[in-house]
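Just below is one structure, and these are the notes that go with it.
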Amino acid sequence: MAPPVATAPSVVEDSPIHLLKKNGPIIDKTFDINEDYQGNYRFAPIEEAEVSRAMIKRYFNMMYERTVSDVVIVGAGSAGLSCAYHLATARPDLKITILEANVAPGGGAWLGGQLMTPMVVRKPADRFLRELGIAYEDEGNFVVVKHAALFTSTILSRVLALPNVVLMNATAVEDLIVRTDFQGRQRVAGVVTNWTLVALNHDTQSCMDPNTITAPVIVSATGHDGPMGAFSAKRLVSAGLLKELGNMRGLDMNRAEPAIVNGTREVTPGLILTGMELSEHDGSNRMGPTFGAMMASGIKAAKEAIRILDS
Ligand code: 48N
């Protein structure tokens with residue numbers, strides 16, 4: 001007797017959504033909404049699966065679409081966000097993908113210094129604050145934003161509102177894609193990604209392989225501290241693309257800020273370093289609790305990215 005042919009379960013028939021539709025909604029869809037704060041506030045009805053599908057559809061469509069981007073910005077601190085804002089507003093045609101390892105973007109720009117809240121920005125970088133419409137107190141050679149989070153939340157909201165920018169937070173870059181170009185030179189051509197919690201736990205499991213995003217230009221703004229600080233600069237050394245790190249020097253505001261802005265550049269074909277990551281690459285000084293160079297360096301990185309893409 002021939003063995004019974006296994007028939008695939010009618011998944012669609014048994015799917016929760018189908019069952020709900022077949023048997024009618026679990027809840028009374030006739031609810032009308034009511035914004036009543038006197039004890040009768042009513043929401044429009046929803047099925048849990050609708051919420052899950054609304055997120056899954058959008059996130060994974062975005063992830064699929066951004067596997068090839070025009071510019072990837074690694075790190076959503078003050079330099080990375082300043083780069084993203086200038087780049088995305090100057091070139092709305094570009095697909096810009098920001099990858100941020102933390103759940104919370106913003107890097108070190110939520111506080112001014114030693115956990116104090118005011119943010120100091122030296123002139124002429126205050127022009128960027130005026131472009132963003134951020135109020136400040138003018139102290140002559142510098143200005144003070146009343147709370148660093150006012151800068152960071154403002155620029156973050158502006159960047160996220162731009163149609164050509166996507167932000168994948170809680171997503172770490174854990175390697176660089178490197179190709180040999182037609183001149184035989186090694187060129188950075190994208191990034192290797194993983195959920196940050198996976199990237200931080202490779203020693204607890206084996207073979208949790210990553211994902212990729214390819215792009216002709218990578219802007220790395222991974223800062224100088226934190227669990228993955230100066231990531232790309234360090235990877236250049238371990239991948240043999242840079243002999244050694246310059247290592248960030250001691251604090252000297254007057255030397256550090258112009259060095260970072262003027263030094264922002266394509267350090268290896270396809271890879272631009274900006275912000276404090278550059279101090280680790282070049283061995284320039286740190287500036288401590290003043291953020292004008294982060295903003296100006298990010299803007300310069302955006303201009304460099306446009307130069308490369310248009311060359
Ligand atoms: O704020 P940071 O650390 O870096 P910058 O360069 O945007 O701003 C630096 C600034 O906050 C200072 O350090 C100030 C001026 N102090 C100077 C001084 O002398 O002390 O932002 C870097 C971002 C963070 O949000 C990290 O989570 C993220 O980059 N990040 C990564 N994201 C994805 N993949 C990675 N591998 C990665 N590594 C870091």
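Throughout, read-outs are computed from the coordinates displayed, never taken from laboratory work. As the structure is a prediction and not an experimental result, all values here were calculated from the model. Note that each Cβ is placed from the backbone with ideal geometry, even for glycine, and that neighbours are counted across all protein chains shown.
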(request) About the Cα centre of segment 87-175, how large is the charge dipole given +1 on each Lys and Arg Cβ and -1 on each Asp and Glu Cβ? Please answer in debye to the nearest 20. (result) 240
(request) Please give the FRET efficiency for L251 paired with M116, using the beta carbon to beta carbon distance and R0 = 25 Å, rounded to the nearest 0.05. (result) 0.95
(message) Restricting to Cα pairs below 8 Å that are 6+ residues apart, what does the relative contact order work out to for segment 260-311? Please round to a whole percent.
(response) 41
(request) Would you give the gap between the C-alpha center of segment 181-239 and the C-alpha center of segment 245-283, rounded to a whole Å? (result) 19
(message) Can you divide the C-alpha Rg of segment 153-200 by 2.2 N^0.38 Å and report the result to two decimal places?
(response) 1.59
(request) Amide H neighbours of T117 under 5 Å, at least 5 residues apart or on other chains, H built in the peptide plane: list them. (result) G112
(message) Going by amide H atoms built from the backbone, whose H comes under 5 Å of the H on E174, apart from near neighbours?
(response) V192, T193, N194
(message) As a footprinting exposure proxy, order D93, D252, D126 by other Cβ within 10 Å, with the fewest listed first.
(response) D93, D252, D126
(request) For segment 157-237, run through the chymotrypsin sites (Phe, Trp or Tyr not before Pro) and keep only the ones in DSSP coil with at most 10 other Cβ atoms within 10 Å of their Cβ. (result) F182
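When ranked by the protection proxy of mean other Cβ atoms within 10 Å per residue, highest first, what sequence do the peptides 264-277, 110-123 form?
The packing order, highest mean first, is 264-277, 110-123.
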(message) Given Cβ point charges of +1 (Lys, Arg) and -1 (Asp, Glu) and nothing else, what value in debye, to the nearest 20, does the dipole of the chain about its Cα centre take?
(response) 760
(request) Just need the relative contact order of segment 220-279 here, percent rounded to a whole number, with Cα pairs under 8 Å and 6+ apart. (result) 47
(request) For helix 148-161, report the angle its Cα long axis makes with the longest principal axis of the Cα atoms of the chain; keep it between 0 and 90° and round to the nearest 10°. (result) 50
(message) Given points 7 Å out from each Cα along the Cα-Cβ axis, report the N61 to D225 separation in nanometres with one decimal.
(response) 4.2
(message) Given the options S206, G184, A230, identify the residue whose Cα lies farthest towards the positive end of the charge dipole of segment 159-249 (+1 on Cβ of Lys, Arg; -1 on Cβ of Asp, Glu).
(response) G184
(request) Before rounding to the nearest 500, sum -39500 (n - 2.57) across all DSSP H runs of length at least 4 in the chain and divide by the residue total; then give [θ] at 222 nm in deg cm²/dmol. (result) -11000 deg cm²/dmol
(request) Starting from the Cα of L197, step 7 Å along the direction of its Cβ; do the same at E50; then give the gap between the two resulting points in nm. (result) 2.8
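Please give the FRET efficiency for D181 paired with S238, using the beta carbon to beta carbon distance and R0 = 30 Å, rounded to the nearest 0.05.
About 0.90, to the nearest 0.05.
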(request) Work out how much length V144 to A170 would gain on full extension: take 0.36 nm times their residue separation and subtract the Cα-Cα distance, in nm to one decimal. (result) 6.3 nm
(request) Assign one of three labels to segment 85-168, namely rounded, prolate or oblate, based on the Cα gyration tensor with a ≥ b ≥ c the square roots of its eigenvalues; rounded applies when a/c is under 1.5, prolate when it is not and a/b is larger than b/c, and oblate otherwise. (result) oblate
(request) Classify segment 25-168 as rounded, prolate or oblate, taking a ≥ b ≥ c as the square roots of the eigenvalues of its Cα gyration tensor: rounded when a/c is under 1.5, otherwise prolate if a/b is larger than b/c and oblate if not. (result) oblate
(request) State the answer as a single residue: which of A109, M119, G140 lies farthest towards the positive end of the charge dipole of segment 92-140, with beta carbon charges of +1 for Lys and Arg and -1 for Asp and Glu, about the Cα centre. (result) A109
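Using per-residue counts of other Cβ atoms within 10 Å, averaged over each peptide, order 239-249, 38-48 from highest down.
The densest-packed peptide leads the list: 239-249, 38-48.
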(message) Along its three principal axes, how long is the chain when you only count alpha carbons? Whole Å, largest extent first please.
(response) 81, 64, 40
(message) Need one word for segment 175-235: rounded, prolate or oblate. Basis is the Cα gyration tensor (sqrt eigenvalues a ≥ b ≥ c); a/c below 1.5 gives rounded, then a/b vs b/c decides.
(response) oblate
